[in-house]
Amino acid sequence: MDFNLTPEQGMLQDSLRKFLSKEYGFESRRARAASPEGFSRETWAQLAELGLLGIAIPEDDGGLGGDAFDTMVVMEALGRALVVEPYVSTVVLGGGTLAAAGSASQKEAWLPAIVGGEKLMAFAHGEPRSRYALAHVETTAKRDGTGWKLDGKKAVVRDAPSADAILVSARTAGGAQDEGGISLFLVDAKAKGVSMRGYATQDGGRAAEVSLSGVAVGADSLVGAADGAFPILERTVDRGIAALCAEALGIIDALNEATLEYLKTRQQFGQPIGRFQALQHRMVDMTIRAVETRSMAIVAAAGANHPDQAQRRRMVSAAKAHIGQGARYVGQQAVQLHGGIGVTDELIVSHWFKRLAILNATFGDAEHHLGLFSDRLLGEKA
Amino acid sequence: MDFNLTPEQGMLQDSLRKFLSKEYGFESRRARAASPEGFSRETWAQLAELGLLGIAIPEDDGGLGGDAFDTMVVMEALGRALVVEPYVSTVVLGGGTLAAAGSASQKEAWLPAIVGGEKLMAFAHGEPRSRYALAHVETTAKRDGTGWKLDGKKAVVRDAPSADAILVSARTAGGAQDEGGISLFLVDAKAKGVSMRGYATQDGGRAAEVSLSGVAVGADSLVGAADGAFPILERTVDRGIAALCAEALGIIDALNEATLEYLKTRQQFGQPIGRFQALQHRMVDMTIRAVETRSMAIVAAAGANHPDQAQRRRMVSAAKAHIGQGARYVGQQAVQLHGGIGVTDELIVSHWFKRLAILNATFGDAEHHLGLFSDRLLGEKA
Amino acid sequence: MDLEFTAAEQAFRQEVHAYIAKSLPAEISAKVHGGKRLGREDYMRWHRTLAKQGWVAPGWPTEFGGPGWTAVQQQIFDEECAAAGAPRILPFGVKMVAPVIMRFGNAAQKQHFLPRILSGEDWWCQGYSEPGAGSDLASLKTKAVRRGDHYIVNGQKTWNTLGQFADWIFVLARTATEGRPQEGISFLLVDMKTPGITVRPIRMLDGEHEINEVWFEDVKVPVANLVGEENKGWTCAKFLLGHERTGIAGVGACKRELKRLKEIARMEPGGGGRPLIEDTRFRDRIAQVEIDLMALEFTNLRVLSAEGEGKRAPGPEASILKVRGTEIQQALSELMMQAVGVYGIPYVPEALDAGWTGEGVGADYAAPLSGHYFNMRKTSIYGGSNEIQKNIVAQLSLGL
Amino acid sequence: MDLEFTAAEQAFRQEVHAYIAKSLPAEISAKVHGGKRLGREDYMRWHRTLAKQGWVAPGWPTEFGGPGWTAVQQQIFDEECAAAGAPRILPFGVKMVAPVIMRFGNAAQKQHFLPRILSGEDWWCQGYSEPGAGSDLASLKTKAVRRGDHYIVNGQKTWNTLGQFADWIFVLARTATEGRPQEGISFLLVDMKTPGITVRPIRMLDGEHEINEVWFEDVKVPVANLVGEENKGWTCAKFLLGHERTGIAGVGACKRELKRLKEIARMEPGGGGRPLIEDTRFRDRIAQVEIDLMALEFTNLRVLSAEGEGKRAPGPEASILKVRGTEIQQALSELMMQAVGVYGIPYVPEALDAGWTGEGVGADYAAPLSGHYFNMRKTSIYGGSNEIQKNIVAQLSLGL
């Protein structure tokens, strides 16, 4: 058992923090989010230069061969700075999935370009009627000569408007709720029949409703085996969740620091409001949540690394549930303790709060994962 | 809409409070609970003299013809004093059921004797495997000549050891979980084949496991129609729940008063602990709970009075759930704020706390009733 | 005791219901039910309608034009308005400054201002909080210096709601600096058209503009617009904050939102192709908030009834209603956002305009929900934060 | 980072597991698993067994007879003992007074007392709290007046655990009254057989006798039994309270209780003839506490690991572990009582005696559950109430 960062992780953390504190102040972030693409290509190139885009990509594919703990280090820092660049979509979900399940030619075509910052990706899996059920896929892919033809709608596809390629799940067999019969395709975002209704997100990002209307893709666009993508999707989502848990950790720590500072400086009734015991105990409860969030973000990363599917899902759901609950508590209380200024757009506090709320709604909220964890108890032996 | 006590209710409240504060101090209550029967026959006779045992019995049957609001006034006072005499078992459940569903001869034989304090009753419905499901009855009654023969086990029958007669539910048709096919019998506690394993309860009362082994009862022991007792049982339980909600109200108010007094007098760190803001806010939360508990105890009583089954059950479940949650919170926090002395047997505080815990486990806990209320939402029209 | 409404109360409810059904413009109620933006004219149109009916100020004494309703009738009216999707009658004139003028104002003030509040001719906003004086209102710094027949007002107010539409603002200003902070404050009525007043929007966390800062730079206010005595404004301020009972719990709005939540849960997909409301876990959370709302509703009615009988409840009850009411509003808004799952993520502010005809994202009802959840966080902060409310209960009611 | 135990740690766990399986008497573990009463001899038998193995004081330095384990090894040992149903090693000697003697005691005290604590020859109990000095320990009033080679001790201690079995008691007593309350306190070791000591049982809310008042009436304590300097006992007291980390979170016991809860939920009837664990609502509550326990477990391991590396965590971490550990223990005990429904109602204290052969009520496992729930309320009060723990975190860690 070892809870220490490796020297490499320590260096990574330092350099990333330094970069972000210099380049990524709140106003600068606001400008990126308000720009037409919703993020900065320049920053993306800098992240590539720092080597961040290859962290979790295998060395054979031009990356640094890291694991979920390395991603955790990155995401914690990105969370604190509220980075809007499409790191999770492109690197964790896109690159990670291709690295784990892509064909040799898919890897060759995409991974070095991802590491180099030249290509962006999106992950289009959830659908308007799927809620958080991973196996619910109504989008279809039908054999069409040697290739496939895709039809359907994908919901709230993060970073789709800027993506070069989109990973699209589609049903190739079975009923709408079956785990079997799902296949995964790598689709050119500019392919004929792909259309998007793009929009901003509540947390300053970008997403789109993606429609697929008779989109023809070749046999080589299949990622993994036909009908057999469900385990790949599960792993992708688990890696994504672990990354989001680390992002939440960065935000929760930042919110607590800001709130503590506010308690020490804001004067009411002739003293700093941090002198009031009721607020002190609230701040302690928030601190406890932060300490536990770090533990559970580690659990999520260890889960994402875990070879056993059941263990992996159990750990990831526990972490997503616990961190989701903690994020809600800390986010709401940080706003509350800031008082009126906390509900304005002017302070970063409300932006952290909103990002936490959106993290909670991504890949299943706290209640969803508590339910998954609970239902898993039925399978336990006495 | 009217939230006032009638003049009669006000007088009842005053006289009962006066009686209890004089006769029913904590040490005197302790002595009653420790006595062989677990309560005082003498006190019971005094309650009869005060007219309390006839409150909810119709005037035609020798009572005062009151309703659930009258019972509420009584139970609130009994709760505060932690009265161990079998008021709910005999008057609310026993007498109330006979008054509502008994035959003329049953009423004649029992109700005046209940009002007069001469006879005690118990309500034997729940079974070892029924948990809180009202329709779950495995005890059987088989036709036997003109009468019936009862076999089965009844769980945790409150006040059974001292009862003269027991209301026993038994299955006369259908499967173990069916609402139809349940019948209710008035059984002499001394009847052949009735045996009891009596014991004390965690809150200072008495109860028994009641076994029925070939208990022969006559046709005239049937309460209501054969196979048709489920609605009677529901109404009985709802009346019982409303009474327990009022009892909880009395206890919660008493706990809050004691805790507030303790906060004002207990000195630590050179000042009353009630000067600490974290404890002040806790006490406020407890106060809010008490205020809401009174509202919901009124809802429970109004529910118990309500002619419509669906409305009645909805109101009663809402009240039992809400008051159960509040009772848990106030009970635990009252103990916590009292510190070490709160977890001893010496102070009445821990006895109130335990009584609240047992109230919660009676006729379905807060979670059970939240579930009933929730499942009822499915039937709502849009 | 009787929880049923009396026949007279039920008849009253029917009368109110029928009137609203007839008089509330459908396009306005559609906006309210759909969570769309309301403009100045939406508020004013409904205000004028109710004013004509004599119902715009349910809590006012009849001598000033109130309808003479009991507290329970006011609650019924409140619920019917909310259920029908009526815009709220903004409190700043009717419920805040008007009672102060009635109690502390002189005859001329009453005669001039009250009818204009009733008719809607004057839109009022409030000038209480300052950046450094929120919970600790008495530490306010805005100054009013007497010069002849005028006060010269300088300072900055914040958390001003909808001041961009307002004709008048009531202002707490410091007219003396001696003594305790509560002393030396005066209550002034200020015409928003007076030179030197600047209204600057504050963008809120939901991206909307509802709140402003108001700057005063050498603003001349006639001494005739002082309410009550100079330096005794704290009395007015406390009266204003403690006055309002009806509606403070927001029971009517909560009931409407609960109904909307259930509608959404019936329409949203849950698991296995079934609607979300059939998901036990989600439904239980609705059940919990519905039960909590029942407790609030009957607590509210108990408090109102006691007041109606002259057993006027002391301040602490209002604090309890405020705390629980806001907690339940927040819980409802949170559940609604969660009900729509990933469709809480898009930010499509144009969809909040009733007339917008662009391509929506997800179900129609989804667009306002996240913003509503974010925005509702303010409710436990404004009007005296819930922490302050608990201090009030601890001190006034519990004697701690 | 790596969450897996190392091969060495896994081998250690196996060694411990095998040893306990071989050495822990089945009748004792049956009592622990069944929630039955433990007698003095139950504790002592296991204490002596572990002492022989050299494992009774996992946290002691090797020079005094500790096994030289890392913090993670200690945690593994703790979990294995709990899982196997071993009685806890009472902390009053091994974990409380011993570290104080090691740190502040003189050579003679170390030589005399430490081996006897290790062997179990001396059963220790504690004399800290007083009726008027609970959270505010420094306000204690018990007096020790120096007379020649003795202190004469007078006063009253309370919340003394299992003192009815004890040979020795460590006592905080006031030896001077000047200065701040923390000054003038001394730390004394007192033989329970000394004339003038009276142990009076306090009946607890679960009806059991575990706690006592201890009265001192002119009790003669040799000056040789003063630990550290006279009037400097507060330093010892604080060291004692802040010393213990391993086990403070109670992770091992929580895991055992969670397992028991699940077993009960598999055996109890739920709805429709199915076991309770198939009731989604009840199961979700188990899931919640299991997840909370995971967060506690890894937080505990993170704290222990940091200490093991010499990055000794400051006090606040211990406070956090104490708060969360007790909350989770309480939640588990509450769920167990609720799991058995109405069978939480009977009070059958005789069923808590292992040898009792009377007719039980309900399932065997039901009898101790309510008492356990009631009794667990003490955990958020003792050892510095959870409110005091939060004060500590606020002050020491957050600087508030």
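The values are calculated or read from the model by the stated rules, or taken from the named source; none is laboratory data. Since we're looking at a predicted model, the values are computed, not measured. So basically every Cβ, Gly included, is an ideal-geometry build from the backbone, and we count neighbours across all protein chains shown.
Based on what the data block shows, is residue D:65 surrounded by fewer than 20 Cβ atoms within 10 Å (Cβ to Cβ) and within 22 Å of residue D:329 (Cβ to Cβ)?
Working: surrounded by fewer than 20 Cβ atoms within 10 Å (Cβ to Cβ): yes; within 22 Å of residue D:329 (Cβ to Cβ): no.
No: the conditions fail for residue D:65.
Just one of the numbered conditions (1) surrounded by fewer than 23 Cβ atoms within 10 Å (Cβ to Cβ); (2) over 19 Å from residue B:121 (Cβ atoms); (3) more than 14 Å from every other protein chain (Cβ to nearest Cβ) is not true of residue B:67: (3). Taken over the stretch A:309-335, the criterion of being away from chain D (no Cβ under 12 Å) and without any contact (Cβ under 8 Å) to a residue 40 or more places away in the chain is satisfied by A:328, A:332, A:335. Just wondering, is there one or more residues in the stretch C:3-24 that are within 27 Å of residue C:165 (Cβ to Cβ) and either in contact with a Ser or Thr (Cβ under 6 Å, 6 or more places away or on another chain) or assigned to a loop (DSSP other than H, G, I, E, B) (or both)? The answer is yes, given that some residue of the stretch C:3-24 is within 27 Å of residue C:165 (Cβ to Cβ) and either in contact with a Ser or Thr (Cβ under 6 Å, 6 or more places away or on another chain) or assigned to a loop (DSSP other than H, G, I, E, B) (or both).
Whether any residue in the stretch A:249-262 is outside any helix (DSSP H, G or I) and more than 14 Å from chain C (Cβ to nearest Cβ) is what I want to check. Break it down stepwise before answering.
Filtering the stretch A:249-262 down to residues outside any helix (DSSP H, G or I) leaves none.
No, the stretch A:249-262 has no match at all.
Hey, residue D:195 hits all of (1) part of a loop (DSSP other than H, G, I, E, B); (2) touching a Cys at 6+ places or on another chain (Cβ under 9 Å); (3) of a type outside the set (Phe, Trp, Tyr) but one; which does it fall short on? Only one criterion in (1) part of a loop (DSSP other than H, G, I, E, B); (2) touching a Cys at 6+ places or on another chain (Cβ under 9 Å); (3) of a type outside the set (Phe, Trp, Tyr) is unmet by residue D:195, namely (2).
Note on the stretch B:201-238: residues that are touching a Leu at 6+ places or on another chain (Cβ under 6 Å), farther than 26 Å from residue B:301 by Cα and aliphatic (A, V, I, L, M) amount to 2. Exactly one residue out of B:339, B:371 is over 20 Å from the mean Cα position of the chain (by Cα), within 30 Å of residue D:208 (Cβ to Cβ), within 12 Å of chain D (Cβ to nearest Cβ) and part of a helix (DSSP H, G or I): that is B:339. Scanning the stretch D:132-150 finds one or more residues that are within 14 Å of another protein chain (Cβ to nearest Cβ), part of a strand (DSSP E or B) and either touching a Gly at 6+ places or on another chain (Cβ under 6 Å) or surrounded by 19 or more Cβ atoms within 10 Å (Cβ to Cβ) (or both).
Just to check your reading of the model, which residue among A:122, A:207, A:170 is touching a Pro at 6+ places or on another chain (Cβ under 7 Å), assigned to a strand (DSSP E or B) and crowded, with 20+ Cβ neighbours inside 10 Å?
Working: A:122 fails: touching a Pro at 6+ places or on another chain (Cβ under 7 Å); A:170 fails: touching a Pro at 6+ places or on another chain (Cβ under 7 Å).
Checking each option against the conditions leaves just A:207.
Screening residue D:212 on (1) free of Cβ contacts under 8 Å to residues at least 24 places away in the same chain; (2) surrounded by 21 or more Cβ atoms within 10 Å (Cβ to Cβ) shows it passes everything except condition (1). Evaluate the stretch D:256-273: report whether one residue or more is more than 9 Å from chain A (Cβ to nearest Cβ), within 21 Å of residue D:71 (Cβ to Cβ), surrounded by fewer than 22 Cβ atoms within 10 Å (Cβ to Cβ) and modelled with pLDDT of 95 or more. Yes, there is a match, as at least one residue in the stretch D:256-273 is more than 9 Å from chain A (Cβ to nearest Cβ), within 21 Å of residue D:71 (Cβ to Cβ), surrounded by fewer than 22 Cβ atoms within 10 Å (Cβ to Cβ) and modelled with pLDDT of 95 or more. Of all the criteria given as (1) within 19 Å of the chain's Cα centre (by Cα); (2) surrounded by 23 or more Cβ atoms within 10 Å (Cβ to Cβ); (3) within 14 Å of chain D (Cβ to nearest Cβ), the one not satisfied by residue A:355 is (3). Take residue D:319 and decide whether it is more than 11 Å from chain A (Cβ to nearest Cβ) and either among the hydroxyl-bearing types (Ser, Thr, Tyr) or under 30 Å from residue D:399 (Cβ atoms) (or both). No, not satisfied.
Counting just the residues of the stretch D:1-17 that are in contact (Cβ under 8 Å) with a residue 60 or more places away in the chain and within 12 Å of residue D:80 (Cα to Cα), which one comes out farthest from the other protein chains (Cβ to nearest Cβ)?
Let us first name the residues in the stretch D:1-17 that are in contact (Cβ under 8 Å) with a residue 60 or more places away in the chain, namely D:3, D:5, D:9, D:12-13, D:16-17.
From what is left, the residues that are within 12 Å of residue D:80 (Cα to Cα) are D:12-13, D:16-17.
On the way: D:12: 12, D:13: 12, D:16: 16, D:17: 17 Å.
Across the stretch D:1-17, the extreme among qualifying residues is D:17.
Which one of these is basic (Lys, Arg), under 15 Å from the mean Cα position of the chain (by Cα) and assigned by TED's automatic domain parsing to the domain that holds residue B:364: B:320, B:264?
Within the list B:320, B:264, the selection yields B:320.
The residues of the stretch D:278-304 that are over 23 Å from residue D:324 (Cβ atoms) and either at the interface with chain A (Cβ under 7 Å from one of its Cβ atoms) or surrounded by fewer than 20 Cβ atoms within 10 Å (Cβ to Cβ) (or both), listed by number, are D:278, D:280, D:281. Of the residues making up the stretch B:158-167, just one is of a type in the set (Gly, Ala, Ser) and part of a loop (DSSP other than H, G, I, E, B), namely B:163.
Consider the stretch D:323-358 and keep the residues that are small (Gly, Ala, Ser) and either without any contact (Cβ under 8 Å) to a residue 24 or more places away in the chain or within 24 Å of residue D:275 (Cβ to Cβ) (or both). The one that is surrounded by the fewest Cβ atoms within 10 Å (Cβ to Cβ) is D:355. Put simply, of A:312, A:239, A:275, A:235 the only residue that is of a type in the set (D, E, K, R), over 30 Å from residue A:184 (Cα atoms) and not assigned by TED's automatic domain parsing to the domain that holds residue A:94 is A:275.
Considering the stretch A:9-54, the residues that are within 14 Å of chain D (Cβ to nearest Cβ) and in contact (Cβ under 8 Å) with a residue 24 or more places away in the chain include one that is farthest from residue D:297 (Cα to Cα), namely A:12. Counting only helices (runs of 4 or more DSSP H) that fall entirely inside the stretch D:296-400 and contain at least 3 residues that are touching a strand residue (DSSP E or B) at 6+ places or on another chain (Cβ under 9 Å), the qualifying elements are D:369-376. Residue count for the stretch C:178-189, restricted to those that are in a strand (DSSP E or B) and farther than 21 Å from residue C:134 by Cβ: 1.
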